Amino acid sequence: MKRLTVFTACCAMMLYVHAQPSKKTTFHLNYDPSAQATNAMNYFKPEGNLFVGDCIPFYHDSTFYLYWLLDSGHHSALNGMGGHQWVLSTSKDLKTWKQYPVVLGIDEDWEKSICTGSVVYYNNTFYAFYATRLIDSSGEWSEQLSYAVSKDGIHFKKQQPNPFYTYAPGYSKRHFRDAKVSIDSAGNFHLFVSSAVENSSFHNNGALVHMVSKDLKKWEVKAPVITGMSDVPECPDYFYRNGWYYLLYSTGSDTYYVMSGQPYGPWQYPASQVFKEQWSNVVKTAAFVNGRRIAAGWVPSRKDNEDEGHEIFGGNTVLREIIQQEDGTLCTKFVPEMIPATGAEIPFVLSKNEWVSRSGDSYTFNATYGLTGSFIKDVPVNCRITMEIEPSGNYDEYGLYLRANEDAGEGYKLAVSANESSVTLADTRITAVEGLGGKVKLDIVMKDDIIDVSINDRRCIVNRVINHKGHFLWLYAKFGKVVFRSVAIAPLKE
């Protein structure tokens, strides 16, 4: 890849930001922070016909800042340009939250969306970098870099010139967004920017542009930190932990990560892509107390609000805790403080089946002739279900039918397969799931139209499910001997 260096006079015009007409916007969204929940931010959606878009988590001085894009109409606002603005929720314990009004909004008519970005704290100042989406007189879209500063992380002032950078030479003008900022030990600002190589002879031209500046005025464009992506690698995230540098990026809204012992690669691509949950979009992360790290994404809505509908922009938050393994690879699990509160466990009786035997709190499914299952009835639609499952030797698959009817003809199938190293939840699937040949702990939260599952506190899978509201829970096994034990069901508190 050809290296691009500090801009010179010959390319300065390419980087020149034309003055935008200063005309105040009439675009406003009816977002009331006082109407929002303060006791739960996992699976959160703002009240009314508003939704959560890309999340921008940040941590400073014992406070977790969750900036997020406020969406109206599933990206349809302002003629499809988004009309997004940054809203803020904060917490010190991940249990009790404070909600704020828009902290980075659309103030001028030319600003068509305040896009995703990142925040850093340096020299007693919060810096928020983001892209502004705009449209020129010929109707062409572009995305240009802007930033704002704040003393408290709440009240931001946009800096001039705004935008301060149009696009890097050799990269797309249409796609130049989602800047991830970090600051090195010498005080240099590093931006990773989502874009694509122009006039590439290779059809996979998505890249993360790497820009460096000491004064936020003159920028050096270095070799991209990743390139050759099949699409623009969106919403990058970047952090260091215990000898490893991690770079996250999203294509098609699915989030991937690579890791390296060096700040900017070369990169290793782990087989277990723990952030790649189809229904957890564009995941970004932030530190938390005691060396912890929290990931935040959002569960998209479905077209026409039906199970068969494809995902559309905007939905509910979904958060994970990140665990680093000895080899540097990452795992995810539920954030303990953010699991919904439950009432008392409900008693249950498992339906009789000649191929199922009970001993204490263990149920052995002897499914060596094919498929066998038993059900529990009167299970709340909104509840938490936990259990341990252990196969004896090889098996085809085992799992559950959630929100099912009495014959499991309806409901949502949660299937585990050691042979395929996969877990399936309704119409979505995760792969390269380790440890499925032995004891597996499942933790399942069913809340409204979201089902969320943690497997062994190492991998998670989430889905938006809408149509089925059955009150039967089926347990099943296929071609194998499988033990279900310590099954617990507790309704969620309102």
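Looking only at segment 250-273, which residues are modelled with pLDDT of 95 or more, of a type in the set (Ser, Thr, Tyr) and more than 11 Å from Pro236 (Cα to Cα)?
If the condition is that a residue be modelled with pLDDT of 95 or more, of a type in the set (Ser, Thr, Tyr) and more than 11 Å from Pro236 (Cα to Cα), then Ser260, Tyr264, Tyr269, Ser272 are the ones that fit.
Looking at segment 317-339, which of its residues are open to solvent by 30 Å² or more (accessible area, probe 1.4 Å), touching a residue at least 60 places away in the same chain (Cβ under 8 Å) and of a type in the set (D, E, K, R)?
Once the filter is applied, which keeps residues that are open to solvent by 30 Å² or more (accessible area, probe 1.4 Å), touching a residue at least 60 places away in the same chain (Cβ under 8 Å) and of a type in the set (D, E, K, R), segment 317-339 yields Lys333, Glu337.
Having 1 or more residues that are without any contact (Cβ under 8 Å) to a residue 60 or more places away in the chain is the bar; report the strands (runs of 3 or more DSSP E) wholly within segment 433-494 that clear it.
Strands (runs of 3 or more DSSP E) meeting the threshold: 440-447, 450-455.
Write out, first by first residue and then by second, each pair whose Cβ atoms fall under 8 Å of each other, whose residues are 6+ apart or on separate chains, and whose first residue, in segment 33-49, is over 24 Å from Lys333 (Cβ atoms) and touching a residue at least 60 places away in the same chain (Cβ under 8 Å) while the second is not polar (S, T, N, Q) and not in a loop (DSSP other than H, G, I, E, B).
Pro33/Val87; Pro33/Tyr100; Pro33/Pro101; Thr38/Lys98
Check segment 343-350 and report whether any residue there is of a type outside the set (A, V, I, L, M) and either within 17 Å of the chain's Cα centre (by Cα) or buried (at least 17 other Cβ atoms within 10 Å of the Cβ) (or both).
Restricting attention to segment 343-350, the residues satisfying the condition of being of a type outside the set (A, V, I, L, M) are 343, 345, 347-348.
Remaining after also requiring either within 17 Å of the chain's Cα centre (by Cα) or buried (at least 17 other Cβ atoms within 10 Å of the Cβ) (or both): none.
No.
For segment 179-189: of the residues being open to solvent by 10 Å² or more (accessible area, probe 1.4 Å) and in a strand (DSSP E or B), which is farthest from Tyr257 (Cα to Cα)?
Ile183
State which residue is farthest from Phe288 (Cα to Cα) when the search covers only segment 318-365 and only residues that are part of a strand (DSSP E or B) and of a type in the set (Gly, Ala, Ser).
It comes out as Ser357.
Quick check on segment 227-248: of everything there that is under 16 Å from Phe176 (Cβ atoms) and open to solvent by 20 Å² or more (accessible area, probe 1.4 Å), which residue is nearest to the chain's Cα centre (by Cα)?
So the residue we want is Glu234.
If you check Asn305, Asn281, which single one turns out to be in contact with a Phe, Trp or Tyr (Cβ under 9 Å, 6 or more places away or on another chain), at pLDDT 95 or above, among the polar types (S, T, N, Q) and under 27 Å from Leu50 (Cβ atoms)?
Values: Asn305 fails: in contact with a Phe, Trp or Tyr (Cβ under 9 Å, 6 or more places away or on another chain).
Unique residue meeting the criteria: Asn281.
What about Ala207, is it in contact with a Gly (Cβ under 7 Å, 6 or more places away or on another chain), part of a strand (DSSP E or B) and not aromatic (Phe, Trp, Tyr)?
Taking the combined requirement at face value, the residue does not satisfy it.
Being at pLDDT below 95 and either over 20 Å from the mean Cα position of the chain (by Cα) or not basic (Lys, Arg) (or both) is the requirement here; does Asn79 meet it? Explain how you work it out, then say what you get.
Numbers: at pLDDT below 95: yes; either over 20 Å from the mean Cα position of the chain (by Cα) or not basic (Lys, Arg) (or both): yes.
Judged against the criteria, Asn79 is a match.
Tell me whether segment 127-144 contains one or more residues that are within 20 Å of Ser213 (Cα to Cα), in contact with a helix residue (DSSP H, G or I) (Cβ under 8 Å, 6 or more places away or on another chain), part of a strand (DSSP E or B) and of a type outside the set (S, T, N, Q).
no
Counting just the residues of segment 411-456 that are among the acidic types (Asp, Glu) and touching a strand residue (DSSP E or B) at 6+ places or on another chain (Cβ under 6 Å), which one comes out most open to solvent (accessible area, probe 1.4 Å)? So that I can check it myself, show each step before the final result.
To start, the set of residues in segment 411-456 that are among the acidic types (Asp, Glu) comprises 420, 427, 434, 443, 448-449, 452.
Now restrict to residues that are touching a strand residue (DSSP E or B) at 6+ places or on another chain (Cβ under 6 Å): 443, 449, 452.
On the way: Asp443: 21, Asp449: 39, Asp452: 0 Å².
Applying the filter and picking the extreme gives Asp449.
Filter segment 210-224 down to residues that are surrounded by 20 or more Cβ atoms within 10 Å (Cβ to Cβ) and more than 25 Å from Gln159 (Cβ to Cβ), then give me how many there are.
Result for segment 210-224: 1.
Name every residue in segment 199-222 that is in contact with an Asp or Glu (Cβ under 8 Å, 6 or more places away or on another chain) and of a type in the set (Gly, Ala, Ser), in order of residue number.
Gly206, Ser213
Search segment 55-104 for residues being closer than 17 Å to Lys151 by Cα and in a loop (DSSP other than H, G, I, E, B), and hand back the single one that is most open to solvent (accessible area, probe 1.4 Å).
Residue satisfying both the conditions and the ranking: Asp61.
Kindly establish whether Gly314 is at positive phi, touching a residue at least 24 places away in the same chain (Cβ under 8 Å) and open to solvent by less than 50 Å² (accessible area, probe 1.4 Å).
Yes, satisfied.
Considering only residues that are at negative phi and small (Gly, Ala, Ser), look in segment 354-394 and name the one that is modelled with the lowest pLDDT.
Top of the filtered list is Ser392.
Restricting segment 1-36 to residues that are open to solvent by 40 Å² or more (accessible area, probe 1.4 Å) and at pLDDT 95 or above, which is nearest to Asn199 (Cα to Cα)?
Asp32
Looking at (1) within 29 Å of Leu69 (Cβ to Cβ); (2) among the aromatic types (Phe, Trp, Tyr); (3) in a loop (DSSP other than H, G, I, E, B), which is the one condition that is false for Trp298?
All conditions are met except number (3).
Report, ordered by the first and then the second residue, all pairs with beta carbons closer than 9 Å, sequence separation of six or more or different chains, a first member in segment 376-397 that is under 12 Å from Gly470 (Cβ atoms), and a second member that is among the polar types (S, T, N, Q).
Ile376/Ser351; Lys377/Ser351
The values are calculated or read from the model by the stated rules, or taken from the named source; none is laboratory data. Only a predicted model underlies this, so the values are computations on that prediction, with no experimental measurement involved. Ideal geometry is used to build each Cβ from the backbone, glycine not excepted, and the neighbour counts take in all protein chains shown. Only protein heavy atoms, including side chains, enter the accessible area calculation; ligands, DNA and RNA are left aside. Shrake-Rupley method; radii C 1.70, N 1.55, O 1.52, S 1.80 Å.
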